[in-house]
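What follows is calculated from the coordinates using simple rules that are stated; it is not laboratory data. Predicted, not measured: the structure shown is a model, and the values here were computed from it. Neighbour counts are summed over all protein chains in view; Cβ atoms, including those assigned to glycine, are modelled from backbone coordinates with ideal geometry.
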Amino acid sequence: MQRERLLKVLVIGDLGVGKTSIIKRYVHQIFSHHYRATIGVDFALKILNWDHKTVVRLQLWDIAGQERYGNMTRVYYREAVGALVVFDMTRASTFQAVLKWKGDLDSKVALGNGRSVPAVLLGNKCDQLSTGLCSKLPKLENFTRDHGFVGWYETSAKDNTNIDAAMMCLVESIMAVE
Ligand code: GTP
Ligand code: MG
């Protein structure tokens, strides 16, 4: 018999880092250069045939970057089992905000056993190698480990780089703890 798992996953990070674009790429295989800020939260659903007996319903919560200054995140984070924390490789300030998002996450949601929910770090817009600070970024292995992320990826929603891999990494971590 097939079993079904509903996983609530958050996508968080500063304004304009590409959270909505990553989700649109992953779920609908589309990309647009047009920027429209998310207001509050948006939702998307991706169905994964995880293995021969498990269907995963991945419920993606696309949280507006401006919500870091609001007080709704406690409500949005409730019962989440994983998160993608996104920054923009061309803007250092968005990398500095990563720890604020991770701290916000860990202070407001945890797994049943008290451990923090698995989080994967995404450096997005890696297609802009020449214009960004990509080359100046240290490799993030140590940062990732020191701050409790389960993995990190350089991604591009525009070129469809590592989006699937990052999602897989997160879902595997979630399925491993549950
Ligand atoms: P908020 O909803 O305000 O929090 O922003 P967001 O994180 O959802 O960002 P969004 O996906 O709306 O993208 C912001 C801008 O960056 C848009 O103009 C996108 O086209 C652009 N963008 C997103 N991902 C990429 C990428 O991988 N490469 C490039 N070159 N541009 C990108
Ligand atoms: Mg958005």
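A simple spin-label model places pseudo-atoms 7 Å from Cα toward Cβ; at N142 and L6 they are separated by 4.4 nm. Bridgeable aspartates and glutamates around K46 (alpha carbons under 12 Å apart, same-chain partners fewer than 8 residues away excluded): D164.
For the peptides 60-69, 147-156, residues were scored by their other Cβ atoms within 10 Å and the scores averaged per peptide; the highest-first order is 147-156, 60-69. Near the amide H of A44, within less than 5 Å, lie the amide hydrogens of L60, D62, all on another chain or at least 5 residues away, with H placed in the peptide plane. Subtracting the Cα-Cα distance of H33 and A176 from their residue separation scaled by 0.36 nm leaves 47.9 nm. Karplus-derived 3J(HN,Hα) values for region 114-125, using 6.51 cos²θ - 1.76 cosθ + 1.60 with θ = phi - 60°, are x, 6, 6, 6, x, 9, 10, 8, 10, x, 8, 6 Hz; glycine and proline are entered as x. Per-residue 3J(HN,Hα) values for region 85-95, derived from phi via the Karplus relation 6.51 cos²θ - 1.76 cosθ + 1.60 with θ = phi - 60°, read 10, 10, 10, 9, 5, 9, 9, 4, 4, 6, 6 Hz in sequence order (x marks Gly and Pro).
Exposure proxy ranking for T54, T94, based on other Cβ atoms within 10 angstrom of each Cβ and starting from the fewest, stands as T54, T94. Per residue of the chain, the DSSP helices (runs of n ≥ 4 H) give a summed -39500 (n - 2.57) that works out to -8000 deg cm²/dmol at 222 nm. Taking θ as phi - 60° and the Karplus parameters 6.51, -1.76 and 1.60, the scalar couplings of region 54-68 work out to 10, 9, 9, 9, 8, 9, 9, 9, 8, 8, 4, x, 5, 5, 4 Hz in sequence order, x denoting glycine and proline.
Counted over the chain, the DSSP beta bridges are approximately 30% antiparallel. Can you bin region 5-113 into rounded, prolate or oblate? Criterion: square roots of the alpha carbon gyration tensor eigenvalues sorted a ≥ b ≥ c, rounded for a/c under 1.5, prolate for a/b above b/c, oblate for the rest. Oblate, because a/c is 1.5 or more while a/b does not exceed b/c. Using only side-chain charges placed at the Cβ, +1 for Lys and Arg and -1 for Asp and Glu, the dipole size of the chain relative to its Cα centre rounds to 240 debye. The residues K158, K125, when put in order of fewest to most other Cβ atoms within 10 Å, stand as K158, K125. Proximity of backbone amide H atoms, modeled 1.01 Å from N, is registered between T54 and R3 at under 5 Å, excluding neighbours fewer than 5 places apart on the same chain.
Counting only residues at least eight positions apart within a chain, or on another chain, the lysines with an alpha carbon under 21 Å from that of K125 are K19, K24, K100, K102, K136, K139, K158.
Under a 5 Å amide H cut-off, with hydrogens placed 1.01 Å from N, T90 pairs with L133 among residues at least 5 apart or on other chains. Fewest-first ordering of R25, R36, R57 by other beta carbons within 10 Å of each residue's beta carbon gives R36, R57, R25.
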